[in-house]
1. For volume of the Cα convex hull per residue in Å³, which listed value, (i) 144; (ii) 173; (iii) 121, comes from the coordinates shown?
2. Accessible area per residue, 1.4 Å probe, Å², for the chain: what's the number?
3. For LEU63 and HIS86, FRET efficiency with R0 = 30 Å and r from the beta-carbon atoms, rounded to 0.05?
4. Taking 0.36 nm per residue of sequence separation and subtracting the Cα-Cα distance, how much length would be gained by fully extending the chain between ALA145 and ILE116, in nm to one decimal?
5. Given a 1.4 angstrom probe, I'd like the percentage of the accessible area of the chain that is carbon and sulfur, rounded to a whole number.
6. How far apart, in nm, are the 7 Å Cα→Cβ label points at ALA8 and SER126?
7. What aspartates and glutamates could a cross-link reach from LYS128, if we take a straight Cα to Cα line under 12 Å and drop same-chain neighbours fewer than 8 places away?
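The values are calculated or read from the model by the stated rules, or taken from the named source; none is laboratory data. All figures in this text were calculated on a predicted structure; none of them were measured in a lab. Cβ sites come from the backbone with ideal geometry, for glycine too, and all protein chains shown count toward neighbours. Note: areas computed on protein heavy atoms with side chains; ligands, DNA, RNA excluded. Shrake-Rupley method; radii C 1.70, N 1.55, O 1.52, S 1.80 Å.
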Amino acid sequence: MPTILQIAQNGAMVLLMGLLIGLEREHSRDADEPLFAGFRTFPLIALTGFLAALMAGAGVPWLLPVAFAGVAAVAVTAYYITAQSHHKGATTELVAILTFVLGALAAYDQVIPAAIFAVATTLLLSLKAPMHQLAEKLQAEEMYAILKFGIVTVIVLPLVTYTGEPLLAGWGVRVL
C-alpha cells in the first residue's frame, strides 16, 4: 500500500501529465473547432484514472472498469456529436481514454513510464502539421523501404539472433 506522500507525489505528476496534454489540445485546436476536452478536462480525466486505480487497489476493484467505461462513454458521445459537423477526427477523444490509462498506470507506481508516454503523446500531437506534410511527400518507394526495414528489424533480426532461449523469455512471458 502506498504512503500518503507517494500518493501525493504520484497524484501531482498525474495532474501535470493531464495539464500538459490538455494544454497541447487547447493550443492546437482551430478557433471554429468544437473542443471536447482541454486544459481543465484532461487533468480531471487523468486524476479520475489515478483515483479509480487507487480505489481498485484498496479493495474496490469494480471502480476502475466502471470509471474507464464512463470516460470512454463520454469520449464516444463527444465524437458522435462532433462527427455530425465537418470535424471528423477522433484524436482528442482517443487521447482522453489514453490519459485515463496513464493516470491509472501512475496509481500502480509506474509514474515514470506514464510520464514518458504522456510526453511522447504530447509530442506526437504537437507534430500534426509536419507529420501530415511528411505523409504527403512520401513516395511509394520510400514507403516500401520503410516497411522492408521494419520487417528486417522486427522479424528477421530476432530470428537470426535467436539463441535457443524462448523468444519472449526476456519479457517475462512463459512459453509452454
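1. Of the listed options (i) 144; (ii) 173; (iii) 121, (ii) comes from this structure.
2. 67 Å²
3. Once the sixth-power term is evaluated, E becomes 0.20.
4. 7.6 nm
5. Accessible surface attributable to carbon and sulfur in the chain totals 72 percent.
6. In this crude label model, ALA8 to SER126 measures out at 3.0 nm.
7. Result set, ordered by chain and number: GLU24.
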